[in-house]
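The values are calculated or read from the model by the stated rules, or taken from the named source; none is laboratory data. Everything numeric here is computed off the predicted structure, so don't read it as measured data. Counting neighbours? That spans all protein chains shown, and the Cβs are built from the backbone with ideal geometry, glycine included. Heavy atoms of the whole protein, side chains included, go into the accessibility calculation; ligands, DNA and RNA do not. Shrake-Rupley method; radii C 1.70, N 1.55, O 1.52, S 1.80 Å.
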Amino acid sequence: MKKVFKVVVIAAMAAAFVIAALFFFKLMPGQELGPITGRSPEAELEGPRVIDLYFADADGRRLALEAREVTTQSVEESIHQAIRELIAGPRKESLSSTVPEGVGIRSVYYRDDIAYIDLTPNISSSHPGGSWAELLTVYSIINTVTENFSEVRKVQILLGGREHETLAGHIDISRPLPGRVQLLAGDW
Amino acid sequence: MRRIYPAVILLVIFTFLTGSPTQARTGSSITLKNLSGFGNHSGFLNIDGGRIDIDSIVKAFSLRTSVDIMGDRLDLVGDGGSCRLLLGSSLVLSKGLFAVLTEPFDTIDGKMSVPLDFLTKGLPAIIGKSVAMDRERQSLTVGPVGSGSFQGVNADRLDRYASFIQRDQFEPQAIEESSYEGLRVVVLDPGHGGRSDGARGGTGTLEKDLVLSVSQKLKNMLEEDLGVKVVLTRTADYYVGLKERTAIANNNRADLFLSIHANAAFRKTVQGYETYYLSFSASDLEASQLAQIENKALGVEGDAREAPLLEAILWDMAQLEFINESGRFANQVQETLVRSMKGKDRGVRQAPLAVLMGARMPATLVEIGFISNPSQEIKLNRDAHQDRIARALFDAISEYNRKLIRGEAGGRRP
């Protein structure tokens, strides 16, 4: 009887030790217990896909959609292509550009859910100015990225490789920002 | 076995030594009586101008305090928890949440003080008991042990933040009564300047010149006809940073901040008037950011590299407590401007305008017409037209001031 008791106690202690060890290793910081799941930035996209570009309506009150096909492979290249199309302007007469002519894309990169869109600084001097026009410019870029590329949660707009407080003196772009689809209805 | 906790309900009566709340404003003590005989809350709360000495709160509720090296943060620690106050800020931070006081925590004549509503907004978090203030009976009811709750907001309630401020149990208006004398200092902000031209009209009119001219006209009108002190963020054609403009308003303890801009659009046909106030949404302040505030404020993290981020978040939140008032003022400006100028009403809008962030008073931005519209550009260049716009803005400010005095608006000091 005593022997059985002893065995049970030893077994219980061993089990407790194993459980404790498991907890210990699981709670250790920096331990990676498995491969990181999720899509890498270099994940390949399949063939051409249709995306919605965010332009402005004629009255400059709200954002409005126009479809385009993008064909490139990586997320970064696709975003680059989408922004290039956005800068080129709408095809519909009823829509208005949101990015001034002559603005170039310095680079597009993507890291930790955030897409960085680095534009040439002449966007500041060539922008018409006006609070709402600037808001539409900023969010036509941000929405075009966040609403078409589910990998991207926020967009950081850079000018000449640097963060700026605003694009043309009004709207805050100092940090990564999420999209605002409500602007399709003219609401902030 | 049923364990009976003693019902620790303390009824603490404020006895106004001077008898009248009007006199209380000019500086008086309040005796804190403990009728039930439980607990150790007794002493004096010194009230001056609707504010309470930190020292007297500490003594009355047996709190511990610690001040950081820079002297700009005060931690109050009691049996129920702690909270942090930041000098010059109206925020009370505790347990990952924040509440907004009607006035900032500040040092006046060498004494640290908070507005009265700290008793209901901050104190519960420290003593772990609910605190209710009954203005009618001039009493402060300190509730049962464990009932203390911090009336803060968390990230997913930020969209309803404005209603939280209005829902406050304690109504500070009762203390301030009708002593509000209206606007004293108005800061006008002529947009752009120097290297920042702002919008440019087809014939070369620059927004920065136009808005400076209108601002100067408005300044004269306000000083002569309304008798308020007016400070311009720039008085000539030079560049002033956006944060600097707000800082000028804060440093002058302005009651009102009006940024004056001229509008532009991609299409030349667009015209009309727009008035803005700052937007806030849950996406502006996310849970992770609030967590950082919490960690910083409660001293959990010591990473100094993140301090600028906290500063930025607090700066962004400064306008939050005035947002209702900013909306009210924006509506007044828009309504008066559209009516006076018989122009197209493009509405009052909210947007993340950098120049309004950090303003510790009601703040709006007005767009006085589209310089990108050729016929509007011609008008905007005329001196008489600029006079009319300045007069319309003057009318809006003086009407807002009338409402402040009549108690229909809250202003900077509600």
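When each of A:138, A:155 is tested for being of a type in the set (A, V, I, L, M) and over 17 Å from residue B:264 (Cα atoms), the lone residue that passes is A:155. Taken over the stretch B:385-406, the criterion of being among the aliphatic types (A, V, I, L, M) and surrounded by fewer than 17 Cβ atoms within 10 Å (Cβ to Cβ) is satisfied by B:405 alone. Restricted to the stretch A:37-68, and to residues there that are within 14 Å of another protein chain (Cβ to nearest Cβ) and open to solvent by 60 Å² or more (accessible area, probe 1.4 Å), the residue that is modelled with the lowest pLDDT is A:61.
Select from the stretch B:347-357 the residues that are open to solvent by 10 Å² or more (accessible area, probe 1.4 Å) and within 15 Å of residue A:60 (Cβ to Cβ) and write down the one among them that is nearest to the other protein chains (Cβ to nearest Cβ). Applying the filter and picking the extreme gives B:349.
For the stretch A:171-186, a residue qualifies if it is in contact (Cβ under 8 Å) with a residue 40 or more places away in the chain and within 12 Å of chain B (Cβ to nearest Cβ), and the qualifying residues are A:171, A:176, A:179, A:180, A:183, A:186. Residues that are at pLDDT 80 or above, over 23 Å from residue B:79 (Cβ atoms) and open to solvent by less than 60 Å² (accessible area, probe 1.4 Å): does the stretch B:129-139 have at least one? Checked the stretch B:129-139: no residue is at pLDDT 80 or above, over 23 Å from residue B:79 (Cβ atoms) and open to solvent by less than 60 Å² (accessible area, probe 1.4 Å). Of all residues in the stretch A:89-113, those satisfying the criterion of being without any contact (Cβ under 8 Å) to a residue 24 or more places away in the chain and either among the β-branched types (Val, Ile, Thr) or within 14 Å of another protein chain (Cβ to nearest Cβ) (or both) are A:93, A:103, A:112. Close Cβ contacts (under 9 Å, 6 or more residues apart or on different chains) running from residues in the stretch B:254-277 that are within 15 Å of residue B:380 (Cα to Cα) to residues that are among the basic types (Lys, Arg) and assigned to a strand (DSSP E or B) comprise B:263/B:346; B:264/B:200; B:270/B:346; B:271/B:346; B:272/B:346; B:273/B:346.
Residues are listed down the side, and each one gets a yes or a no for (1) at pLDDT 75 or above; (2) within 14 Å of chain A (Cβ to nearest Cβ); (3) crowded, with 17+ Cβ neighbours inside 10 Å; (4) not in a helix (DSSP H, G or I):
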residue	(1), (2), (3), (4)
B:249	yes, no, yes, no
B:253	yes, no, no, yes
B:267	yes, yes, yes, yes
B:300	no, no, no, yes
B:311	no, yes, no, no
B:318	no, yes, yes, no
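Listed here are the strands (runs of 3 or more DSSP E) enclosed by the stretch B:50-90 that have at least 1 residues being in contact (Cβ under 8 Å) with a residue 60 or more places away in the chain and on the phi > 0 side of the Ramachandran plot: B:81-86. Among the residues of the stretch A:114-164, those that are among the β-branched types (Val, Ile, Thr), open to solvent by 10 Å² or more (accessible area, probe 1.4 Å) and within 14 Å of chain B (Cβ to nearest Cβ) comprise A:114, A:146.
Within the stretch B:198-224, count every residue that is part of a loop (DSSP other than H, G, I, E, B), without any contact (Cβ under 8 Å) to a residue 24 or more places away in the chain and under 30 Å from the mean Cα position of the chain (by Cα).
Looking only at that region, the number is 0.
If the condition is being within 13 Å of chain A (Cβ to nearest Cβ) and either open to solvent by 60 Å² or more (accessible area, probe 1.4 Å) or charged (D, E, K, R) (or both), then the stretch B:358-384 contributes B:367, B:377.
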